[in-house]
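Trainee: Please read through the structure below; I'll follow up with questions.
The values are calculated or read from the model by the stated rules, or taken from the named source; none is laboratory data. None of the values given here were measured: they were computed from a predicted structure. Note that each Cβ is placed from the backbone with ideal geometry, even for glycine, and that neighbours are counted across all protein chains shown. Side chains included, ligands, DNA and RNA excluded: accessible areas come from the protein's heavy atoms. Shrake-Rupley method; radii C 1.70, N 1.55, O 1.52, S 1.80 Å.
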Amino acid sequence: MTGASSAAINEAKPYLALSGGVGGAKLALGLARTLAPEQLAVVANTGDDFEHLGLHIAPDLDTVMYTLAGLANTDTGWGRAGESWSFLEALEALGGETWFRLGDRDLALHVERTRRLRQGESLSAVTEAFCRKLGVRSRIFPMSDDPVRTMVLSGNEELSFQHYFVRERCRPSVRGFRFAGIEDAAPSPGLTAAIEDEALAAVVICPSNPFVSVDPILAVDGVASKLRASRAPVIAVSPIVGGAALKGPAAKMMEELNVPATAAAVARHYRDRGLVDGFVLDRADAAMAREIEEMGVATRITNTVMVTLKDRETLAREVVLFAEGLAS
């Protein structure tokens, strides 16, 4: 633990991070190394979840879990380090579907998760058990224990997110999104408890895709309204730097939705929902700070590109210090 500030650590006030996959997990790791374990709760998007080969796959949830466990494959940004591919090679020889890469070690987690879910355990309970076994000390929750599936609207068809993202490699043009099952989805107990905690220091929206990683979390019943009602400041970190997404198709989606691919547009996306008090943007976009502040949103300019572990920790400390300033 590196320590963002003595006040934050000593008071042990909790922080809640909303995260998608790779980009969000990077900041979540920085926060986990900056705050005491009991201070951090990470809620992961499960709109990307899908059933594949009869197994429940939870890409964003697993990326956060592997990252905080120190098991993530840093070369690919997804999956586990030291992976082998015997299962996939055998499956390919049989003519099976191999477009979604499942390594042998990763496969074990999906098999065990599916078994437990079919026995009646909740996704939250299974995730808690896995985190305990993998040595993750911070709390990680799914956004909901109920199934929500992000559907990408393209032309006259709908694609499940993983078909769009992995199988089709983000090639189809996007005209919107639908979160199937969201009407019946309740927030996970961990998410509810974290938002309602009177001691909550801040909510951090990690630099994840605002449309398909963060919006599904915010769309779960009561989450957005409870965030608006919370006394804790909500801080978003821009996933767009210099007009480009650091990871994934966010900039491409924004252009296809006729939204400027800028940090300011991301800030407006959250501000229009009444959800953001502060916005962290990269030095490359410093000129947009005034535009964002004119929206009534405070800004902090720093380096948001997280290449090294030190980058992750430095950005996390900046976020914590920003939160302290807003809270005071």
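Trainee: Heavy atoms only, probe 1.4 Å: what % of the accessible area of the chain goes to carbon and sulfur, would you let me know?
Mentor: The computed percentage sits at 49.
Trainee: Would you work out which of Gln119, Ala298, Phe165 lies farthest towards the positive end of the dipole of the chain? Charges go on Cβ: Lys and Arg +1, Asp and Glu -1.
Mentor: Result: Ala298, furthest along the dipole toward the positive end.
Trainee: If you count only protein heavy atoms with a 1.4 Å probe, what accessible area per residue comes out for the range 224-328, rounded to a whole Å²?
Mentor: Ligands and nucleic acids excluded, the result is 45 Å² per residue.
Trainee: For the full complex of protein chains and a 1.4 angstrom probe, list Phe177, Phe87, Phe279 by accessible area with the highest value first.
Mentor: Result, largest first: Phe87, Phe177, Phe279.
Trainee: Where nothing but the Cβ of Lys and Arg (+1) and of Asp and Glu (-1) is charged, how large is the charge dipole of the chain around its Cα centre, in debye to the nearest 20?
Mentor: Using only the charged Cβ atoms, the result is roughly 540 debye.
Trainee: Report, to the nearest 10°, how far helix 22-34 tilts away from the longest principal axis of the Cα atoms in the chain, using its own Cα long axis and a range of 0 to 90°.
Mentor: The answer is roughly 60 degrees.
Trainee: Divide by every residue of the chain the summed helix terms, -39500 (n - 2.57) for each DSSP H run of at least 4, and state the resulting mean residue ellipticity at 222 nm, rounded to the nearest 500 deg cm²/dmol.
Mentor: So the helix-based figure for the chain works out to -11000 deg cm²/dmol.
Trainee: List every residue whose amide H lies under 5 Å from the amide H of Ile205, counting only residues 5 or more places away in sequence or on a different chain, with H placed 1.01 Å from N in the peptide plane.
Mentor: Leu18, Ile235, Ala236, Val237
Trainee: Right, something else. At 1.4 Å probe size, put Leu53, Leu117, Leu102 in order of accessible surface, largest to smallest.
Mentor: Result of the area sort, largest leading: Leu53, Leu117, Leu102.
Trainee: Still on this structure, please answer the following. Expressed as a rounded percentage, what relative contact order does the chain have, with Cα pairs under 8 Å and six or more residues apart?
Mentor: 20
Trainee: Another question, if that's okay. For every other residue with a beta carbon closer than 13 angstrom to the beta carbon of Leu88, add +1 if it is Lys or Arg and -1 if Asp or Glu, then tell me the sum.
Mentor: Around Leu88, the charge tally is -4.
Trainee: Follow-up. Can you pull out the trypsin sites (Lys or Arg not before Pro) in the range 268-328 that DSSP calls coil and that have at most 10 other Cβ atoms within 10 Å?
Mentor: Of the trypsin sites (Lys or Arg not before Pro), not one in the loops of the range 268-328 has a Cβ with at most 10 other Cβ atoms within 10 Å.
Trainee: Give me the net charge for the shell around Pro233: Cβ to Cβ below 10 angstrom, other residues only, Lys and Arg +1, Asp and Glu -1.
Mentor: Value of the local net charge: -1.
Trainee: Considering only protein heavy atoms, what is the solvent-accessible area of His52 at a probe of 1.4 Å, reported in Å² to the nearest 10?
Mentor: 10
Trainee: While we're on this one: Rounded if a/c is under 1.5, else prolate if a/b is larger than b/c, else oblate: which is the range 60-142, with a ≥ b ≥ c the root eigenvalues of its Cα gyration tensor?
Mentor: Cα axes put the range 60-142 in the oblate bin.
Trainee: Now, a different point. Which ³J(HN,Hα) values in Hz, rounded to whole numbers, follow from the phi angles of the range 192-198 under the Karplus curve 6.51 cos²θ - 1.76 cosθ + 1.60, where θ = phi - 60° and Gly and Pro get x?
Mentor: 4, 4, 5, 5, 7, 5, 5
Trainee: Okay, moving on. Using the alpha-carbon atoms, what tilt in degrees (0 to 90, nearest 10) does helix 309-327 show relative to the longest principal axis of the chain?
Mentor: The helix 309-327 is inclined about 50 degrees to the chain.
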